[in-house]
Every structure is written in C-alpha cells, then in structure tokens.
Amino acid sequence: MSRKQGPAAVVFGAAGDIGAELVRLFADTGMPVWTIDHVEPVAAGDRFIEMDFLALRDSDVDRRAQDLPYEISNVVSTIGGPAIREFGEGFHIPRLSVLDEVMRLNLISAFQILRMTLPVLRRTQGDRSVTFTSSINELGGYGAPAYSAAKAGLRGLVAESGRALAPEGIRVNGVALGSTATSNAQAIRRARGLPGSVEDLGGRTARGAVLTAKEAAEALYSVSLGPQILSGQVVTCDYAQACRRP
C-alpha cells in the first residue's frame, strides 16, 4: 500500500510510453499513483495491478474492482491501438476476429474501466475525472475501419457518460491524439513493412511534427486535472494534423 495520503490517480495502460510519462506527471503532484497493465511498467507508481483487458470478461470486472484504491480522483486510460491484422492493401472489411480484438481493446475496455472505477469515484469527494485516449483515426482516413469505428464509439460513450455523471461532479472526457512517436507505433510501422520512422509523419501536420509520448501524456494529464467545466468532450491534440487531411 502507498504511504501517500489522499485519493489516488489510476493509470490504465501504464506500461506504454505515454502511460509511463503520465505516471511521472501524477507522481510529481505528490498524489498516490496506481498503475494497471498486463505487464509491469518501467515507471513505478505506488502500486501495480496486473490486468489484461483482452482477456478480461464481464464476470471479472466486479471482482477486480476490489483491488483498486479506496478513493480515486483521476482515472486515465491509454489502453488501445489498432491491430496489425487489420491493415491490408486497399480498403477492406476486417474479419470478425480482428473486429472483436480491436473493439475489446479500444471500446469495451472503456466500458469496463468505467464500470470498475465508478463505485470508487462516487465515494470520493471533490473533483473527479475519467479521461480516455482516443485518436484522430475516429474520423477514418488511415486504413483501419475497425479501429476508427471503435474510437468513434468511444466518443459516444464519453458524451453520454459525461452528461450523466456531471451532476455527481464526475467528469468524463477523451483526448484524440494525432500521430505519436512511441515504440508501439514504430513497431506497427515495421510490422506493416513501412519505411522510415513515425517522426516522418510530421509532414502531415501544420507544425511539421508528430507528438512525443511526453506531449501526449501532458495533453491527457491537463484534461484529467481540469477545468471542471470540461466534461463529455473529446479534445483533439494533434498539431493540426487532422486539419490537413486530404
């Protein structure tokens, strides 16, 4: 158990590059930080919980909720991403097995996180927030229809849960990130046989640069902490990449 006092920040997907940066940002505030992922993260928080959202079933959610801290002020999820198997030559509809994987990782996980954390958020006092990582891919245009559909569904979940929970002082938002230079993004490029690096995509943005993992984390962190009037929204943070879409 953490020796720090007060409600905790919980980072889902803490083992990734963005998650690690988030852990460091929250730790700098002095609040307890709990990390959740299917592997232990490099950036250690105050407590780690192993959890695999591709394997998590409905019957597991209530049981695993008992592992969470007694009070939570901030929930941030970086869980998600496309499936390598979805990408192909030209437009195609992926097989149901691929669709199931992508939906579980990007949309169903968000429902599970809300269901898991909501009882704790409700007994915590003060401003509380849930922030999900989305993508400008929710609008399509990058060759992954299942991923786009999942992120579009996440926008609907954010809007409805943000509306419903606002009277309780619980904010629910999303951050639609543009191309971000992470090790996972680069691994996807290699698996697809694409030349160059993620940074090469900077030419698609108005500023001529992609996000770093730290910049992506700072965007999620800022939305998570406030302002309190922001709820039920998906904020785009992409160096105006979506504005230059063909």
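The values are calculated or read from the model by the stated rules, or taken from the named source; none is laboratory data. From a predicted model like this one, the values you see are computed outputs, not experimental measurements. Here Cβ is always computed from backbone atoms with ideal geometry, including for glycine, and neighbour counts include all displayed protein chains. When the accessible area is computed, the model is the full protein with side chains, heavy atoms only, and any ligands, DNA or RNA have been set aside. Shrake-Rupley method; radii C 1.70, N 1.55, O 1.52, S 1.80 Å.
Tabulated values for the structure
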quantity: Highest to lowest packing among 42-55, 136-149, scored as the average C-beta count within 10 Å; calculated: 136-149, 42-55
quantity: 12 Å beta-carbon shell around Arg123, net charge (K/R +1, D/E -1); calculated: 0
quantity: Net charge of Cβ neighbours under 11 Å - reference Ser179; Lys, Arg +1; Asp, Glu -1; calculated: -1
quantity: Taking N as its residue count, the alpha carbon Rg of the chain over 2.2 N^0.38 Å; calculated: 0.97
quantity: Ratio Rg/Rh [Cα only; Rh per Kirkwood] for the range 74-120; calculated: 1.12
quantity: Cα pair distances of the range 160-242 binned at 10 Å [whole percent]; calculated: 18, 37, 26, 15, 3
quantity: Theoretical gain in end-to-end length, Ala191 to His92 [0.36 nm per residue, Cα-Cα removed]; calculated: 33.8 nm
quantity: Cα centroid of the range 105-143 to Cα centroid of the range 66-84, whole Å; calculated: 8
quantity: Calculated from backbone phi, Karplus (6.51, -1.76, 1.60) coupling profile of the range 133-148 in Hz, x at Gly/Pro; calculated: 8, 10, 8, 5, 5, 4, 8, x, x, 10, x, 9, x, 5, 4, 4
quantity: Share of carbon and sulfur in the accessible heavy-atom surface of the chain [1.4 Å probe, %]; calculated: 53
quantity: Largest-first ordering by accessible area, 1.4 Å probe, given options Ser197, Ser59, Ser224; calculated: Ser59, Ser197, Ser224
quantity: Chain lengthening between Val235 and Val42 when straightened (0.36 nm per residue, less Cα-Cα); calculated: 66.7 nm
quantity: Proximal charge balance of Ser161 [Cβ under 14 Å; K/R count +1, D/E count -1]; calculated: +4
quantity: Rg ratio (alpha-carbon, reference 2.2 N^0.38 Å) - the range 46-156; calculated: 1.19
quantity: Full-extension gain in nm, Lys4 to Asp52, via 0.36 nm per residue minus C-alpha separation; calculated: 14.6 nm
quantity: Estimated vicinal HN-Hα couplings, Hz - the range 66-79 in sequence order (Karplus 6.51, -1.76, 1.60; Gly, Pro = x); calculated: 5, 7, 6, x, 5, 10, 10, 9, 9, 10, 10, 10, 10, 5
quantity: Where the chain is the region considered: accessible area per residue in Å², 1.4 Å probe; calculated: 47
quantity: Area accessible to solvent at Val76, 1.4 Å probe radius, in Å²; calculated: 0
quantity: Cα centroid separation, the range 196-246 to the range 1-52 (Å); calculated: 22
